[in-house]
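To start, the structure itself, in structure tokens.
The values are calculated or read from the model by the stated rules, or taken from the named source; none is laboratory data. Only a predicted model underlies this, so the values are computations on that prediction, with no experimental measurement involved. Quick reminder, even Gly has a Cβ in these numbers, built from the backbone with ideal geometry, and neighbours come from all protein chains shown. Just the protein is used for accessible areas: all its heavy atoms, side chains included, with ligands, DNA and RNA removed. Shrake-Rupley method; radii C 1.70, N 1.55, O 1.52, S 1.80 Å.
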Amino acid sequence: KTLCISGVLESLDRDECKALVEKYGGRVTGSISGKTSFLLVGRDGGEAKQEKARDLKVKIISEDDLLQMIATRPGDDV
């Protein structure tokens, strides 16, 4: 799965988040495209990325959603 991050995360910095996603087989990109699976939105997340995600039907998730996905799917793709 491919994930894009927008905004400031509360419990992880971007490098930690990227490492965590990659550990579970995912990929982090800097921009949204048709290949993006999720947009992770933190505090002060950019409206432009969120609008593009909605246009492309990319699922918008929170940091809690990401952590829940990882907790319930250990070893699987994010």
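Listed values, structure above:
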read-out	value
Positive-end residue of 9, 41, 26, charge dipole of the chain with Cβ unit charges	26
Estimated dipole of the chain in Debye, rounded to 20 [Cβ of Lys and Arg +1, of Asp and Glu -1, Cα centre]	400 debye
Translational D in µm²/s for the chain (Stokes-Einstein at 37 °C, 0.692 mPa s, Kirkwood Rh from C-alpha pairs)	267 µm²/s
Where labels lie 7 Å past Cα in the beta-carbon direction, separation of residue 27 and residue 1 in nm	1.6 nm
Accessible carbon and sulfur surface of the range 1-44 relative to its total accessible area, %, 1.4 Å	46 percent
Spin-label proximity, residue 56 to the range 21-38 - amide N less than 16 Å from point 7 Å beyond Cα toward beta carbon	27-38
Net +/- balance of residues flanking residue 52 in space, Cβ distance below 15 Å, scoring K and R +1, D and E -1	+2
For the chain: relative contact order, % (alpha-carbon pairs under 8 angstrom, 6 or more apart)	38 percent
Over the chain: helical MRE at 222 nm, DSSP H runs n ≥ 4 each giving -39500 (n - 2.57), nearest 500	-11000 deg cm²/dmol
19 Å Cα-Cα threshold exceeded, pairs from 23/59; 18/57; 35/57	23/59; 18/57
Loop trypsin sites (Lys or Arg not before Pro), the chain (other Cβ atoms within 10 Å of the site Cβ: 11 or fewer; DSSP)	35, 57
